[in-house]
Amino acid sequence: MDSVRIDKWLWAARFFKTRSLAQAAVRGGHVQVDGRSCKPARSISVGDRLTITRGETVFVVDVRALSERRGPAPQARELYAETEASIAAREQRAEQRRLAGNVDPGRRPDKRQRRRIRSFSGKS
């Protein structure tokens, strides 16, 4: 096998839980191949560089092997190699989130505060 569909590979490499989620991410522009957005049917081959955005997390990986079948996690990790810059950036963002702590909104507004919110927003 010298190429495989990108949505199948993303699912087999366990970046997305289902193939339909992988297709939606590719269609939404959250996956780029060598810096260019693509369609779910785009074929990728060994050596391509993918940029995958999942929520706030961005992965930059090089394709090492191809697979159309989803296997165990250790086998899936062998399909790609994440770049050092990507690992460092992810760890830095995780550290920033950890240092920011849990942003606790406090408690729910009471009846008086809800009335003020409604009057301010123009809703009755």
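Only the coordinates and a few stated rules stand behind these numbers; no lab work does. None of these values were measured; they are calculated from a predicted model. For neighbour counting, all protein chains shown are included, and Cβ atoms are generated from backbone atoms with ideal geometry for every residue, glycine included.
For segment 9-22, filtered to residues that are surrounded by 21 or more Cβ atoms within 10 Å (Cβ to Cβ) and touching a residue at least 60 places away in the same chain (Cβ under 8 Å), the residue that is nearest to A81 (Cα to Cα) is A13. Filtered by the rule that a residue be assigned to a loop (DSSP other than H, G, I, E, B), within 17 Å of R5 (Cβ to Cβ), over 13 Å from the mean Cα position of the chain (by Cα) and not polar (S, T, N, Q), segment 23-63 gives D34, C38, K39, P40, A41, R42, V46, G47, D48. Restricting to segment 72-113, name every residue that is assigned to a strand (DSSP E or B) and either surrounded by fewer than 10 Cβ atoms within 10 Å (Cβ to Cβ) or of a type outside the set (A, V, I, L, M) (or both). Answer for segment 72-113, where residues must be assigned to a strand (DSSP E or B) and either surrounded by fewer than 10 Cβ atoms within 10 Å (Cβ to Cβ) or of a type outside the set (A, V, I, L, M) (or both): Y80, E82. Under the condition of being surrounded by 14 or more Cβ atoms within 10 Å (Cβ to Cβ) and out of contact with any Phe, Trp or Tyr (no Cβ under 7 Å at 6 or more places or on another chain), the residues counted in segment 23-45 number 13.
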